[in-house]
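Novice: This is the structure, below, for whatever I ask next.
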Amino acid sequence: MKPVYFEKDTLKLLDQTQLPTKEIIRSYTKDYKQVAEAIRNMIVRGAPAIGVTAGYAVYLASKDFDQLAQKNYEEKMQEACQFLAETRPTAVNLFWAIDRMKKVMQEHKALSPKEMTKRLKQEADEICEEDIQMCHQIGRYGEKLLHRNDTILTHCNAGALATADYGTALGVIRAACEAGKNIHVYADETRPFLQGARLTAWELQKDHIPVTLITDNMAGWMMKQGKIDGIVVGADRIAQNGDVANKIGTYSVSVLAKAHGIPFYVAAPTSTIDFDMFSGDQIVIEERDPKEVTHIKGIQIAPSNIQVENPAFDVTPHQNITAIVTEKGVIYPPYDLNIEALK
């Protein structure tokens, strides 16, 4: 189920646009621009998985350019990092991973291009392995917030498919199930890209975790009937004050949860925290192709030439969030002070 891994000097990506009906692995051996397109076109998606993929993409660029003279190599690597950074604007892990690879290049400038390529591969492997360990740690902290026989609502996919393995929000649910807590999950379908229907439901079925699929507009009614005990979602960027950017529709779920007195938890690694951004008002929201709204699997479902808005994310204000679960522990309000303490 790993969405991104490295094997036999090849980057492997599980094509998430084909799930749940087809399980296709895409291979990338050299061209970092192909990997950039895979990020842009959501073959790989989810903030942590994008970060891991970007790390390997920088390595593939180095592998492509390490025959060049030092100055030309450095110029090409700067271009590659910039090209990768322009693929998706909202998920901070993308920029975090690229910056980490650039830091390696800066700190080891004395290395030859060939030696640098080896060092960048090592760094990309470390980013990947750290992500897996962080997800398991998030799960260990987060499962303590869930109770035996709880029914948990999720939105979008923050599972193994959104990370290097195990997941953030679904990592919390997996850990709770491993602890014998008998958790049941409601999965929002998550229009317009249907990550809940296509990915979360598929993942949980694979792991034999009880899951019920609902449309996005059913969530409030399920809460009203007392069918939901808590909400756990992931994050694509967390501001210093605790505002959280996540898949479009997350804000609405948080408002419904607050109205019904249901705890709303965010699970994410600290690499998703943007310490340079004080509030969610500063987060750039990606606008995606209108066809994601007007078509499903290539089938038109809306009038031709209709005006469409398709923001991929929204921002949930910190006031609606009960706690943020990270690999360093559970963060409670006041978020501005407690997130600052993580630096």
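Novice: How many angstrom lie between the C-alpha centres of segment 71-123 and segment 4-43?
Specialist: 20
Novice: Anyone know which of ILE214, ILE331, ILE24 comes out most mobile in the 10 Å Cα GNM of the chain?
Specialist: ILE24
Novice: Among 33-40, 54-61, what's the highest-first ranking by average C-beta atoms within 10 angstrom per residue?
Specialist: 54-61, 33-40
Novice: Can you give the calculated 222 nm mean residue ellipticity of the chain, where each DSSP H run of n ≥ 4 adds -39,500 (n - 2.57) and the sum is split over every residue, rounded to the nearest 500 deg cm²/dmol?
Specialist: It lands at -12000 deg cm²/dmol.
Novice: Straight-line reach from LYS291: which aspartates and glutamates fall under 17 Å, measuring Cα to Cα and dropping same-chain residues less than 8 apart?
Specialist: GLU309
Novice: If you don't mind, another one. Can you tell me the length gained on complete extension of the stretch LYS297 to PHE83, counting 0.36 nm per residue apart and subtracting the Cα distance? Mind showing how you got there, number by number?
Specialist: Working: separation 214, 0.36 × 214 = 77.04 nm, distance 2.83 nm.
Taking LYS297 through PHE83 to full extension adds about 74.2 nm, to one decimal.
Novice: Tilt of helix 169-178 relative to the longest C-alpha principal axis of the chain, in degrees (0 to 90, nearest 10)?
Specialist: The angle comes out at about 70 degrees.
Novice: May I pose another question? Once the Cα atoms of helix 92-107 and of the chain are each reduced to a long axis, what angle between those two axes, in degrees from 0 to 90 to the nearest 10, is obtained?
Specialist: For 92-107 against the chain, the angle is about 30 degrees.
Novice: Here is a follow-up. Please tell me which of these pairs span more than 22 angstrom C-alpha to C-alpha: LYS76/LYS109; LYS30/LYS118; LYS121/LYS328?
Specialist: LYS121/LYS328
Novice: If I take R0 = 35 Å and measure r between the Cβ atoms of LYS328 and ASN305 in this structure, what FRET efficiency does the formula 1/(1 + (r/R0)^6) give, to the nearest 0.05?
Specialist: 0.10
Novice: How far apart, in nm, are two points set 7 Å out from the Cα along the Cα-to-Cβ line at ASP31 and at ARG140?
Specialist: Here the modelled spin labels are 4.3 nm apart.
Novice: What FRET efficiency comes out for the pair LYS227/PHE275, r = Cβ-Cβ distance, R0 = 35 Å, nearest 0.05?
Specialist: About 0.40, to the nearest 0.05.
Novice: Sort 153-160, 306-313 for me by packing, meaning the mean count of neighbouring Cβ atoms within 10 Å per residue, highest on top.
Specialist: Ranked by mean Cβ neighbours within 10 Å, highest first: 153-160, 306-313.
Novice: How high is the FRET efficiency between LYS8 and LYS206 when r is their beta carbon distance and R₀ equals 25 Å, given to the nearest 0.05?
Specialist: Working: r = 25 Å, r/R0 = 1.00.
Once the sixth-power term is evaluated, E becomes 0.50.
Novice: Could you tell me how many degrees, from 0 to 90 and to the nearest 10, lie between the Cα long axis of helix 250-260 and the main elongation axis, the longest principal axis, of the Cα atoms of the chain?
Specialist: 30
Novice: If each residue of separation counts as 0.36 nm, what is the full-extension length gain between GLU126 and ALA259 once their alpha-carbon separation is subtracted? Don't skip to the answer; put the middle values down first.
Specialist: Numbers: separation 133, 0.36 × 133 = 47.88 nm, distance 4.21 nm.
The span from GLU126 to ALA259 would gain 43.7 nm if fully extended.
Novice: Rank-order 182-193, 74-85 by packing density, defined as the average count of other C-beta atoms within 10 Å over each peptide's residues, highest first.
Specialist: For the peptides 182-193, 74-85, the packing ranking is 182-193, 74-85.
Values quoted throughout were computed directly from the atomic coordinates according to the rules given, and no laboratory measurement underlies them. Predicted, not measured: the structure shown is a model, and the values here were computed from it. Cβ sites come from the backbone with ideal geometry, for glycine too, and all protein chains shown count toward neighbours.
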